[in-house]
Structure formats: C-alpha cells, structure tokens
Amino acid sequence: MLLLPLLAVFIGIASSSLIPDQIIPALTIKEEPTVSLNKTQPQPGNAIIGGGAAREGQFPWQVMFRVPVPKEPEHLCGGSIIGDKWILTAAHCNMAAGTEMTYGTLLSEKGAANALTAQVEAFIQHPLFGVHGAGEDHDIAVVKLTAPLQFSSAASKISLPNDNQQFSQHNGVVTGWGAHLDPNNNVVDEVSPTLQFAIVPLYSLADC
C-alpha cells in the first residue's frame, strides 16, 4: 500500500497536478491505480491512500525540492513546472534562496542518474497564506529559479487551465514521493524510491 502525501500540489502540490486528462493531451491513463472516495460523506485528510508507480515521461513537469530543516532530515516538497524558470508548489514548503531542486527523474534518491538540478532564487507565497492561522487556506506558492530549465521528453511544463474551466465531476491526478506502508499500515519507507501517482475524483468548492 502507498501513503501518498500531497508533495506535489497543483491546482497542483503538489504534485500536487489536479487537472483533468482532457486538458493535458500528453496525460493518457488507462486502467491505472485509482482511489475510491465515499461520494455521500467525503472524509477529508492530509494524505491519499493507494496509487501506483509512475512511468518515464508520464509526469515530466514533476520536480522535487530538498528543503533543509534544522536538526531533522531534509524535507521533500514537490512542485510542477509552469515555465522555464517558474515552479508551482505549496506555500508551507517555505524554502530559502539556494534550495536545491531536482527534475527530469522519477527517483527520489539524491544524485540519481539522469537527474538534473536547479537552484531557487526566490520563493513567493500567496499573500493570504497563514492569515487565518495554521490552516491550509491559500497554501500555494511560486518559485523563481536562478537559471532556465533544460526541457526534454523527461522535463517540460504543465498546461495551466483557464479561469472559467470547471473541474467538478472530473478526475484529477496527484503525484508525489509518499511513504510505503505494509499490510498493517506500518511505514516501510518514509520516502518512496520512485514517483507515485493516484487518480482521485474532484469536488466543487461548495461540496468541499
């Protein structure tokens, strides 16, 4: 079983990439792992259960930030490429200039073969993040990089939706390097060695 935290936020965050597959022509998924939710009584939470391993080139916009944390293991945050020097991520990642970003790979291992790296120049949080306490309202940010990325079949930007597009009743995709659990829900690996993804139904703001 996989426990897939919202490392990649796209709205996604994180990875997540909460965009229907018809908006992203390159994203074609058939008979892949899905996550079932109770449509009558949705149960909110901070993690997603289920999913499977991503394939090479399936999510070329996925990146990973290695955020240093004092006296703790470095924190991994996901993000989505939206421009050659811009990344969409979560505001709670709160990274400093000089933070390392890895892209172009499915592997979480530091120094993985074929992985490319970039450096953070600026981290720009949503101005209303944290205004109402420690909740998750407006948990979105953009990152400016010090240099343009090297685009390829393994690294390219995600397509952004228009303001008037509605996504309720569609499926979304979340991605990240979440923890692996055994059948008894014990954590086997804190970080998955390869990128994971799951398909989840999207709900309107009113339903949320």
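Just so it is clear, none of the values below were taken in a lab; they were calculated from the coordinates. Note that the structure is predicted; figures quoted are calculated from it, not measured. In this analysis, Cβ positions are derived from the backbone assuming ideal geometry, glycine residues included, and neighbour counts consider all displayed protein chains.
With r as the distance between the Cβ atoms of Thr194 and Asn162 and R0 = 25 Å, compute the FRET efficiency 1/(1 + (r/R0)^6) and round to 0.05.
Numbers: r = 33 Å, r/R0 = 1.30.
About 0.15, to the nearest 0.05.
Please find the FRET efficiency linking Thr117 to Tyr203, where r is the Cβ-Cβ separation and R0 is fixed at 41 Å, and quote it to the nearest 0.05.
The calculated FRET efficiency here is 0.65.
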Around Leu128, under 11 Å between beta carbons, what's the net of Lys plus Arg minus Asp minus Glu among the other residues?
-2
